[in-house]
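Undergrad: Got a structure here, written out as structure tokens. Questions coming.
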Amino acid sequence: MGDCPGRPDQAYLPIDRVGANLFFQLISRRYERGPMILTSNQGFGSWGDVFGDRVIATAILDRILHHAITINIRGNSYRLKDKLKAGLVRPAEATEST
């Protein structure tokens with residue numbers, strides 16, 4: 001197995017200044033040393049709000065996107081699949097949350 005750290009659900013919750021700085025340090029140390037896999041429920045334009053600092057968000061994105069292959073997946077969350085089948089969530093509600 002290769003050395004490819006993952007960070008699932010980046011931007012699921014806002015990150016405080018300390019967390020943003022730690023994440024920047026992680027990305028900076030990993031930059032150009034090997035692959036990374038990141039997922040996010042936010043577009044790149046929203047990362048400044050998520051990190052609470054547009055400058056640090058820009059620096060992180062600069063390093064992440066420099067050699068990146070990005071895949072944008074649209075549609076209902078895979079995690080909502082069972083809830084939709086069970087009738088616990090209506091399709092309109094599922095679409096609004098993505």
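Undergrad: Would you grab the residues whose amide H sits under 5 Å from the one on THR39? Only those 5+ places off in sequence or on another chain, please, with H modelled 1.01 Å from N.
TA: Under 5 Å from the amide H of THR39: ARG7, ASP9, GLN10.
Undergrad: Something else now. Counting other Cβ atoms within 10 Å, keep those with at most 14, restrict to DSSP loop, and tell me which chymotrypsin sites (Phe, Trp or Tyr not before Pro) in segment 11-74 are left. Write down the numbers at each step before the final one.
TA: Numbers: sites: TYR12, PHE23, PHE24, TYR31, PHE44, TRP47, PHE51; in loops: TYR12, TYR31.
Answer by residue number: TYR12.
Undergrad: I would also like to ask the following. Apply the Karplus parameterisation 6.51 cos²θ - 1.76 cosθ + 1.60, with θ equal to phi minus 60°, to every residue of segment 69-78 and state each ³J(HN,Hα) to the nearest whole Hz, in sequence, with x for glycine and proline.
TA: 10, 9, 10, 9, 10, 10, x, 5, 4, 4
Undergrad: Could you go through segment 32-38 in sequence order and give the Karplus-derived ³J(HN,Hα) for each residue, using 6.51 cos²θ - 1.76 cosθ + 1.60 with θ = phi - 60°, rounded to whole Hz, and x for Gly and Pro?
TA: Using θ = phi - 60°, the values come out as 6, 10, x, x, 9, 10, 10 Hz.
Rule-based calculations on the coordinates, nothing more; no lab input. None of the values given here were measured: they were computed from a predicted structure. For neighbour counting, all protein chains shown are included, and Cβ atoms are generated from backbone atoms with ideal geometry for every residue, glycine included.
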